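Student: Below are the structure tokens for one structure; questions will follow.
The values are calculated or read from the model by the stated rules, or taken from the named source; none is laboratory data. Remember, predicted model here, so these are calculated numbers, not experimental data. Cβ placement follows ideal geometry from the backbone for every residue including glycine, while neighbour counts extend to all protein chains displayed. Surface areas here come from the heavy atoms of the whole protein model, side chains and all, with no ligands, DNA or RNA. Shrake-Rupley method; radii C 1.70, N 1.55, O 1.52, S 1.80 Å.
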Amino acid sequence: MQALEKILTRAVTQRMVADVKLGAFLSGGIDSSLVTAIMQRHASKPVDTFCIGFEEGGYDESPHAAAFAKHLGTSHHAYTVTAAETREVIPLLPDIYDEPFADYSQIPTYHVCRIARRETTVALSGDGGDEMFCGYSRYFMTLKLYETMRKVPWPLRALAGQGLLALPESAVDHLTGAATRAAGVAVTGRRLHTIARLMGARNFDDLVRRVMSVNPRPGHFVRDGQAPPPRAATPSYDSLYDRMMMRDIHDYLPDDILVKVDRASMANSLEVRAPLLDKDLAEFAWGLPLEDKIFPGQMRGKRALYDLLIRHVPEELVNRPKQGFTVPLAAWLRGPLKDWAGDLLTGPALQDAGLFEPRRVQRLWKSFQNNKCDHHAALWAIVMAQAWHNRWNRA
């Protein structure tokens, strides 16, 4: 623990060197809270910290961040983003990202950078903690599912999955609603369809790819010849946890997380630094045994970071469920963004871009609008590709 604290302190303090005003993103999660705690300990005055929330209930982490900020003594800036402010930035996304980029946490990331730039020029983030210290809950879900799936031959699993997918999500909700409520479990059509698609995985690496995909039917919506080439295989490890973390370090971190933060921050003339991606810290983290990253008997990771954080703040502040940096996208696509997205998903617009199969996309959009399915992430990916095409590929 002392070795980790020494390396992390050096990583943070090195990134505090600046000729301009410095701040930090503070969501109330383990990673950003630990970075902020170390910053505040080595700062000569209260550190400016930033957090945003949304008007819709269930998407606001600002109370948790405020509790951390109060304990640490930072100069905290919390801001509630309105639906109107969010709608204003969405048409700008093809310019900001300059490519079809569809991680919809790009929206709150842009806003927190915008708010931070009002007070600072450089901000520190907690990016990298999940990938280096086994922090994503999907790691545990994937491994648990794999241990169950491997007991059943692939042809039988694939056939059963296809049978489940033949049932519309809305029909499953109707059939299971009363029974599941009485039993106190949540078996929704969306969840059942997700499991059904995962059942078709041929092996562990295929299962990981399916878990990471937002596409309800891989390759189904993309026109022939438009699919990207397959990625090179990531290094293999005996530990399945290590294989998942290394895949994220090779793919998800550089192609999603860092792109998202870099483009959003640069669009606001803000520099963001990530101490948890320090080379020495990454090498130390990769050398830690798995038992130092995972809580025994629990489906959660980042144990080493957790143990270090509770040296700085009361444990009751840390013990809460992990909440992603997200937005109520499904409600927006059925509400204030419906017309904008619908225009991009019309037959002529899809035909003009030539990226997707128009009939299949429109069926998905119609099912979504009729509440028969909830594939908002897949639809957002299609909409972002369409918006990018409209912006950069029209004469």
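Per-residue answers, yes or no, for (1) of a type outside the set (A, V, I, L, M); (2) under 24 Å from the mean Cα position of the chain (by Cα):
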position: Tyr110; (1), (2): yes, yes
position: Ala116; (1), (2): no, yes
position: Val122; (1), (2): no, yes
position: Gly129; (1), (2): yes, yes
position: Tyr146; (1), (2): yes, yes
position: Lys151; (1), (2): yes, no
position: Trp154; (1), (2): yes, no
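Student: Somewhere in region 320-330, is a residue more than 30 Å from Gly135 (Cβ to Cβ) and either part of a loop (DSSP other than H, G, I, E, B) or touching a strand residue (DSSP E or B) at 6+ places or on another chain (Cβ under 9 Å) (or both)? Quick ask: steps written out before the conclusion?
Tutor: Going through region 320-330, the residues more than 30 Å from Gly135 (Cβ to Cβ) turn out to be none.
No, region 320-330 contains no residue that is more than 30 Å from Gly135 (Cβ to Cβ) and either part of a loop (DSSP other than H, G, I, E, B) or touching a strand residue (DSSP E or B) at 6+ places or on another chain (Cβ under 9 Å) (or both).
Student: On to the next question. Criterion first (in contact (Cβ under 8 Å) with a residue 40 or more places away in the chain and part of a helix (DSSP H, G or I)) does Ile294 satisfy it?
Tutor: So Ile294 does not fit the description; no.
Student: Restricting the first residue to region 151-174 and requiring it to be touching a residue at least 60 places away in the same chain (Cβ under 8 Å), which pairs with a second residue that is surrounded by 12 or more Cβ atoms within 10 Å (Cβ to Cβ) and of a type in the set (Lys, Arg) meet a Cβ separation below 9 Å and a spacing of at least six or different chains?
Tutor: Filtered contacts from region 151-174: Pro168/Lys372; Glu169/Arg190; Glu169/Lys372; Ser170/Lys372.
Student: Give just the number: which of (1) touching a helix residue (DSSP H, G or I) at 6+ places or on another chain (Cβ under 6 Å); (2) of a type in the set (Asp, Glu); (3) closer than 26 Å to Leu143 by Cα does Asp278 not satisfy?
Tutor: That leaves (3) as the condition not met.
Student: Go through (1) surrounded by 15 or more Cβ atoms within 10 Å (Cβ to Cβ); (2) more than 24 Å from Ser137 (Cβ to Cβ) one by one and return the number of the condition Val313 breaks.
Tutor: Just one mismatch for Val313, condition (2).
Student: If you check Asn371 against the conditions, is it modelled with pLDDT under 90 and closer than 23 Å to Leu8 by Cβ?
Tutor: Spelling it out, it is not the case that Asn371 is modelled with pLDDT under 90 and closer than 23 Å to Leu8 by Cβ.
Student: Give me the helices (runs of 4 or more DSSP H) completely within region 66-152, filtered to those with at least 2 residues that are surrounded by 18 or more Cβ atoms within 10 Å (Cβ to Cβ), ordered by residue number.
Tutor: In region 66-152, 93-97, 106-117, 129-133, 137-149 are the helices (runs of 4 or more DSSP H) which contain 2 or more residues that are surrounded by 18 or more Cβ atoms within 10 Å (Cβ to Cβ).
Student: For region 241-286, give me each residue that is among the hydroxyl-bearing types (Ser, Thr, Tyr) and under 18 Å from the mean Cα position of the chain (by Cα).
Tutor: Of all residues in region 241-286, those among the hydroxyl-bearing types (Ser, Thr, Tyr) come to 241, 252, 265, 269.
Those that are among the hydroxyl-bearing types (Ser, Thr, Tyr) and under 18 Å from the mean Cα position of the chain (by Cα): Tyr252, Ser265.
Student: Going through region 14-31 one residue at a time, which ones are within 15 Å of His64 (Cβ to Cβ) and either surrounded by fewer than 24 Cβ atoms within 10 Å (Cβ to Cβ) or out of contact with any strand residue (DSSP E or B) (no Cβ under 9 Å at 6 or more places or on another chain) (or both)?
Tutor: Gly28, Gly29, Ile30, Asp31 - these are the residues of region 14-31 that are within 15 Å of His64 (Cβ to Cβ) and either surrounded by fewer than 24 Cβ atoms within 10 Å (Cβ to Cβ) or out of contact with any strand residue (DSSP E or B) (no Cβ under 9 Å at 6 or more places or on another chain) (or both).
Student: Next up: Working only within region 356-385, note down all residues that are touching a helix residue (DSSP H, G or I) at 6+ places or on another chain (Cβ under 7 Å), in a loop (DSSP other than H, G, I, E, B), open to solvent by 40 Å² or more (accessible area, probe 1.4 Å) and not basic (Lys, Arg).
Tutor: Scanning region 356-385 gives a single hit, Asn371.
Student: Conditions: (1) touching a Ser or Thr at 6+ places or on another chain (Cβ under 8 Å); (2) among the small types (Gly, Ala, Ser); (3) open to solvent by less than 40 Å² (accessible area, probe 1.4 Å). Ala43 meets all but one. Number of the miss?
Tutor: It is condition (1) that Ala43 fails.
Student: Moving on to the next point. For region 337-355, how many residues are loosely packed, with under 12 Cβ neighbours inside 10 Å and touching a residue at least 40 places away in the same chain (Cβ under 8 Å)?
Tutor: So the count comes out to 0.
Student: Another question, if that's okay. Can you spot a residue in region 54-62 that is more than 20 Å from Val318 (Cα to Cα), not charged (D, E, K, R) and not in a strand (DSSP E or B)?
Tutor: Within region 54-62 (the criterion being more than 20 Å from Val318 (Cα to Cα), not charged (D, E, K, R) and not in a strand (DSSP E or B)), the answer is yes, since at least one residue qualifies.
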